[in-house]
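Asks: The structure's right below; bear with me while I get my questions together.
The values are calculated or read from the model by the stated rules, or taken from the named source; none is laboratory data. Remember, predicted model here, so these are calculated numbers, not experimental data. Neighbour counts are summed over all protein chains in view; Cβ atoms, including those assigned to glycine, are modelled from backbone coordinates with ideal geometry.
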């Protein structure tokens, strides 16, 4: 399945999109759009897929996603239960590089923003003081008129363009064009997203693509810069982190529900990816 191209509506009195969502779960599929996106997860948790980056998200997560970068926010399974009362809330801004005209960011005063937006395969997490100020401005934008919202967006972009609090999400070799032009690799992503809590065999997905295991392994690493097993493990560890934070399951149950059939294997991968063992991670979070 290819990432879907989304065309985003902008009102007649605005040059960019500001929107809030309040849903049972985030429903957008694996998709992309030409607009840059600043997205705040106000409430909910799950697994975040941005380009070749996979990680856990929860309330307070703030990311900037560049033009044509495929992405997906998939909520935890509890959100999809028939009688679930959980909500998924987000605040986001979408804008094109030329939303203020072709030459607006070429002026000297905008040089830092120009350099930021010109970076290829752009996507990053926002932390620290920059995150705090950006969230405050995003919330204030709800009651602002279109002109005030424009000034607020420019203020956020100025902060981002000069901030030390940005954590890049994509591998240095990631190519948005390569990802968008490849239907088969996105079939793989969709398959992994739907089945990561179960046993996944390389030969199974390779056969779905009419490829040998060796050919598929080379193909997958070429597009993601990661081995198939490493990629699946990252998704499973992100899922395990969410379960550990909920404190409803024992570590062995978390291991099983995250797709690990062997507890020792789970401990080894968790320590390698997170830096601490599962019990230490849970205790740190609960404190």
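Asks: Please go through the range 257-284 and give me each residue that is at positive phi and surrounded by 14 or more Cβ atoms within 10 Å (Cβ to Cβ), ordered by number.
Replies: Correct list: 259 only.
Asks: Kindly indicate the residue of the range 9-33 that is modelled with pLDDT under 90 and under 25 Å from residue 79 (Cα atoms) and also surrounded by the fewest Cβ atoms within 10 Å (Cβ to Cβ) among those meeting that condition.
Replies: My answer is 27.
Asks: Okay, moving on. Show me the helices (runs of 4 or more DSSP H) entirely contained within the range 95-210 in which 2 or more residues are within 20 Å of the chain's Cα centre (by Cα), free of Cβ contacts under 8 Å to residues at least 12 places away in the same chain and on the phi < 0 side of the Ramachandran plot.
Replies: Output list reads 183-195.
Asks: Further question: For the range 18-33, give me the residue count where each residue is in a strand (DSSP E or B) and farther than 21 Å from residue 188 by Cα.
Replies: 6
Asks: Kindly indicate whether residue 274 is under 25 Å from the mean Cα position of the chain (by Cα) and not assigned by TED's automatic domain parsing to the domain that holds residue 61.
Replies: Against the criterion (under 25 Å from the mean Cα position of the chain (by Cα) and not assigned by TED's automatic domain parsing to the domain that holds residue 61), residue 274 qualifies.
Asks: Shifting gears a bit: Out of 200, 156, which single residue is closer than 28 Å to residue 19 by Cα, at pLDDT 85 or above and touching a helix residue (DSSP H, G or I) at 6+ places or on another chain (Cβ under 7 Å)?
Replies: Answer to the check: 156.
Yes/no per residue for (1) outside the structural domain of residue 201 (by TED's automatic domain parsing); (2) at pLDDT below 90; (3) over 24 Å from the mean Cα position of the chain (by Cα); (4) assigned to a helix (DSSP H, G or I):
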site	(1), (2), (3), (4)
239	no, yes, no, yes
243	no, yes, no, yes
253	no, no, yes, yes
256	no, no, yes, yes
261	no, yes, yes, no
265	no, no, yes, yes
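Asks: For the range 220-230, which residues satisfy the criterion of being modelled with pLDDT of 85 or more and either farther than 25 Å from residue 272 by Cβ or in a loop (DSSP other than H, G, I, E, B) (or both)?
Replies: Once the filter is applied, which keeps residues that are modelled with pLDDT of 85 or more and either farther than 25 Å from residue 272 by Cβ or in a loop (DSSP other than H, G, I, E, B) (or both), the range 220-230 yields only 227.
Asks: From 45, 84, 67, 55, which residue is surrounded by fewer than 19 Cβ atoms within 10 Å (Cβ to Cβ) and more than 20 Å from residue 122 (Cβ to Cβ)?
Replies: Result: 84 is the single residue among 45, 84, 67, 55 that is surrounded by fewer than 19 Cβ atoms within 10 Å (Cβ to Cβ) and more than 20 Å from residue 122 (Cβ to Cβ).
Asks: Right, another one. Scanning the range 34-59 for residues that are assigned to a loop (DSSP other than H, G, I, E, B) and touching a helix residue (DSSP H, G or I) at 6+ places or on another chain (Cβ under 8 Å), which turns out modelled with the lowest pLDDT?
Replies: 52
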